[in-house]
Structure formats: C-alpha cells, structure tokens
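The values are calculated or read from the model by the stated rules, or taken from the named source; none is laboratory data. Keep in mind it's a predicted model, so treat the numbers as computed, not measured. Note: ideal-geometry Cβ built from the backbone for every residue, glycine included; neighbour counts use all protein chains shown.
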Amino acid sequence: MRPAHRAAVALLILSTAGCSAAVASQPLGSIGAPPAATSAAAGSAASGFDLPIDAYQLSEPQRTAQLRATNLLLTSCMARFGYSLPVPAADQAAQVPENAFRYGPVTADQASDGYLWMVDHGSTDLAEAQLSQAEQAMPGAETAVLTGRGPARVSGKPVPAGGCVGEMKRRITAGGGTYGDAGLVQEIDQASYTDSLTSPRVVAVFRAWSSCMAAQGYRYPTPLDPMKDNSLFTAPTAPATHTSTPGATQPRGGSSDAAPRTAPSARQVAVARADVACKSRTNLVAVWSSVESALQQQDIRKHAQDFATLGRQLQTTVRNINAVLH
C-alpha cells in the first residue's frame, strides 16, 4: 500500500487516539504489464505482498533512493549560493515491506506495539515532507533560493526557475519521468480497497475473523473496527515523528527528535495479538489481497494505454534517480 492509502489507515488510528499526524534497483524490465492475480498474493509474507498497481509506483527501496537523490540535488544547488540544507539523510534501516500497512497488524512483532506500529512506521511522500521541513527551518533568504520565490540573482548567480526545488524536479523528471504518484494510480489503489469491502469473499472472511475474535472475548465485526475502538486508546498519544503534510502520515522510521508517545495499553496489545492470530487462522490477508488484485487488474486493463505510458514514465524516473546516485 502506498502513501495515499497508508495515510488513511494511520490517520484513522491517530484520530481515534486523539493526536495529530504527520534505489535499490527494481529491474526496469519488471515495470509494465500487470502481474497476474493469485489467491495467495500474501503467501507467508502477509506483511509484504504485492498488488498489480505496485508495478506502476516506486517501490519502497526506490522511494528511499529518490529521497537520497532529492537531498543530493538540493544540497548541491544550495551550496552554489553558499547555503546548506537542514534536511536529515534518508533512514535506510527503517524499510518496511510493500503494503505492510494495508490490512492493519499482521505479524507478532507489529502486534507487540498494538495499533501504534502503523503510526510509528507510517509513510508519506518522504521527499515532499522533508522539503516542507527544510523550508520551515530555513531563514527567508535561503528559502527564496530553495523555492525560487525571491530575487532572480543571489550572490551574483542566477537562481534556477522554481529555485533549487524546481531544478531538482527537472532532473528527476527529465526525458519523461514523473515526480510523485500519478492520480490514476492512487485512484485505483484506493478504489480496489474500498470496493473489496463489499466483495462476498471479503465479507465472508471478515465474518470468520469476527467469529475467531469473539471466541477470544473480543467482539468486532471487521478488522477495521479495533482501530476505531476508543477504549483501546486510553491515553493521548504523541505524534511519533514530525508533523507532515495534510493527509499524510509520518516519514518512515521516525527521526532522532521524535516526540515521545505513550506506550500501547495491555488491552490494546492483547487485541492486536488476537487480531493477528485470527487473520492467520482465517487466511484473511491472502483472501482480501487476491480480491483486490482482481479488481486492480480489471481497472488496469480498462486503462491499458494509460498504464503503458505510466510504465515508461516510471522506468525513466528510476533511471534518473540512479543517474544522480551513481
């Protein structure tokens, strides 16, 4: 699950808790035709399965690489004008699997943090989040060079159109690349999730999951409901990282100056552990993800020409990122 949908999941948790939110190379040949749906899309790696739409978005390692490339380009540009860029390096040790947040906690490790694991490790458009963070931390003269909203020349040198941010984006998008996920990709990613909720197969597996939970003393109709249960969040929870752009969760892996937050309650952890056990017992992730895969494939076929273009654009973007880093 990519940022747009992950954001919705983590923001649901954050609002319930009463707080505010915040290239390792994928082979280029693998981008293009949508992968076949499989009833075992999640397999044993329930926290890291692939969906067809993933082929048209940067992978998690590629997003980290994009952030590194963005920082390199911005730092180099700002240095030409005698300025530094107060943006931390990408946290490469904090990778989480693809789609790890889509269906809530699915591993014992995640459940040990209750429903706060998704808040702590949430994802957003990291490059945009750090740009916003940098801009807020910089004096006005430096911000003018970063954004291009200021004098046309600084220290006798011409400021690039759109500032250093504009120059960086032109490098990333050169030759037909893109910066950020396409609207059609985000639309299909969200639509498959929403539409899957009324699929008979998903409704049936939710019912089985609910019965499993009831046998352990927890009454929730669907796996979405624990995250909306106010009783599980007995104390205010501070944001795990910097506040991010509206509609997004926090940058992956947190940061060194993250605000402390209250640990999950014993009951919250117990419910999350039961949740994970019942998902495993009912094969919920495999069933749910296979339904989503089929829905996404249908939409991708409907927009075959658009997705052929998106595949080529993504290839170009990955090449541009790698060119900056190597």
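Rundown of residues vs (1) crowded, with 22+ Cβ neighbours inside 10 Å; (2) modelled with pLDDT of 65 or more, yes/no style:
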| site | (1), (2) |
| --- | --- |
| P88 | no, no |
| T107 | no, yes |
| T124 | yes, no |
| L131 | yes, no |
| E135 | no, no |
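Can A270 be described as over 30 Å from Y179 (Cβ atoms) and modelled with pLDDT of 95 or more? Lay out the reasoning, then the answer.
Details: over 30 Å from Y179 (Cβ atoms): yes; modelled with pLDDT of 95 or more: yes.
When the stated conditions are applied, A270 passes them.
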Checklist entry - If you take the residues in segment 292-308 that are surrounded by fewer than 21 Cβ atoms within 10 Å (Cβ to Cβ) and polar (S, T, N, Q), which one is farthest from E187 (Cα to Cα)? => result Q305
Next on the checklist: I'd like to verify a number: residues in segment 196-231 that are part of a helix (DSSP H, G or I) and of a type in the set (D, E, K, R), how many?
Outcome noted: 3
Item to check | Matching residues, segment 277-291, being buried (at least 21 other Cβ atoms within 10 Å of the Cβ), aliphatic (A, V, I, L, M) and over 18 Å from P52 (Cα atoms) | outcome: L284
Checklist entry - How many residues are at pLDDT below 90 and under 30 Å from V287 (Cβ atoms) when one looks only at segment 140-199? => result 2
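To keep it simple, each residue is scored yes or no on (1) among the acidic types (D, E); (2) surrounded by fewer than 20 Cβ atoms within 10 Å (Cβ to Cβ); (3) in a helix (DSSP H, G or I).
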site: G150; (1), (2), (3): no, yes, no
site: V165; (1), (2), (3): no, no, yes
site: R170; (1), (2), (3): no, yes, yes
site: T178; (1), (2), (3): no, yes, no
site: Q186; (1), (2), (3): no, yes, yes
site: A191; (1), (2), (3): no, yes, yes
site: T194; (1), (2), (3): no, yes, yes
Checklist entry - Which condition breaks for Y103 when tested against (1) modelled with pLDDT of 90 or more; (2) in a helix (DSSP H, G or I)? => result (2)
